[in-house]
Amino acid sequence: MAAPIRGATTRQTPARSFGAKMKQQILIQLAEWIRATAGERGLLVPVSGGTDSALCFWLCQQALPAKAVAVHFGETLRGHAWFESLGPIETIPLPPEQEEKELTRWALLLSLSTRRRVWLVGSRNRTEDVFGTFSLASRVATYYPIVSLWKSEVLDLCGLIGVPEEIIASSHQADPLCGRTELMAEIGVERIDRFLKVKEGELPADELTILPADHLRYLDETYQRGQYKRNLPIRAPRF
């Protein structure tokens, strides 16, 4: 029988799309997967103060507490005390103001992980993966623990493990750096995931009838615009 999860909370939460027992099992299985696949290499986990990186760092600490290190750009980290309670956090000075800040950050992270010979953890979730809203620069990450989880599931699991409310609330706000526009924040995580599940064939098309026409059009345009990323890198056939 699997051991209880360290740090999980028993606070009351509203009914979700899947039960508490299943959530607990998912967390256990993900931690076991990390333990089985990371090998002797350590884990460098970029944390932003959002729910995706919070769940990633928590899982890595559950699996390999002696080998997982968080890294953050700048001095201010939302929920710093909570992250610090999990494990060590290293701070990297913010890159100089420039147009390619996202590219520079990932280049620095790749360089750091390569020198240390550790996995560079990416916190991309399934919503971003299917939607194509992740940055091209973030593709240098070499380890994706939560890429099978929809964003709504990430939020559910963050509630279970006791992620601070200020971190969870940030996922419902617009954040251009994460590819979340004002309109996406207005549409909401649950409806975006419902749209994408229909696209992936996991829900019937009539699930989209609750979406206003302008929201549906916007989501479809965003989805179509990002689909090329799912096929990268583009490889020539064998001749």
*Given the range 168-239, what helices (runs of 4 or more DSSP H) lie entirely inside it while holding 1 or more residues that are within 16 Å of Ser135 (Cα to Cα)?*
213-226
*With a cut-off of at least 2 residues that are surrounded by fewer than 22 Cβ atoms within 10 Å (Cβ to Cβ) and not hydrophobic (A, V, I, L, M, F, W, C), name the strands (runs of 3 or more DSSP E) lying wholly within the range 43-97.*
89-92
_Need pairs with beta-carbon distance below 6 Å; first residue aliphatic (A, V, I, L, M) and within the range 148-166, second surrounded by fewer than 22 Cβ atoms within 10 Å (Cβ to Cβ) and part of a helix (DSSP H, G or I); sequence gap 6+ or separate chains._
Leu149/Arg126; Leu157/Lys23; Leu160/Lys23
*Yes or no: Ser148 of a type outside the set (A, V, I, L, M) and buried (at least 17 other Cβ atoms within 10 Å of the Cβ)?*
no
*Any idea which of Ser113, Ser123 is of a type in the set (Ser, Thr, Tyr), assigned to a helix (DSSP H, G or I) and either in contact with a strand residue (DSSP E or B) (Cβ under 6 Å, 6 or more places away or on another chain) or at pLDDT 95 or above (or both)?*
Ser113
_Regarding the range 54-74, can at least one residue be identified that is modelled with pLDDT under 95 and closer than 23 Å to Arg105 by Cα?_
yes
_Residue check for Gln173: of a type in the set (S, T, N, Q) and under 25 Å from Trp82 (Cβ atoms)_ = yes
_Scan of the range 204-221 for residues that are among the small types (Gly, Ala, Ser) and either out of contact with any helix residue (DSSP H, G or I) (no Cβ under 7 Å at 6 or more places or on another chain) or crowded, with 17+ Cβ neighbours inside 10 Å (or both), ordered by number_ = Ala213
_Tell me yes or no: at least one residue of the range 163-185 is under 22 Å from the mean Cα position of the chain (by Cα) and farther than 25 Å from Leu77 by Cα._
yes
*Please name all residue pairs, on different chains or six or more residues apart, with Cβ atoms under 7 Å, provided the first residue is in the range 174-196 and is over 27 Å from Thr104 (Cα atoms) and the second residue is of a type in the set (Val, Ile, Thr) and at pLDDT 85 or above.*
Ile192/Thr127; Asp193/Thr127; Leu196/Thr127; Leu196/Val130
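The values are calculated or read from the model by the stated rules, or taken from the named source; none is laboratory data. For clarity, every value in this text was computed on a predicted model and none was experimentally measured. Note that each Cβ is placed from the backbone with ideal geometry, even for glycine, and that neighbours are counted across all protein chains shown.
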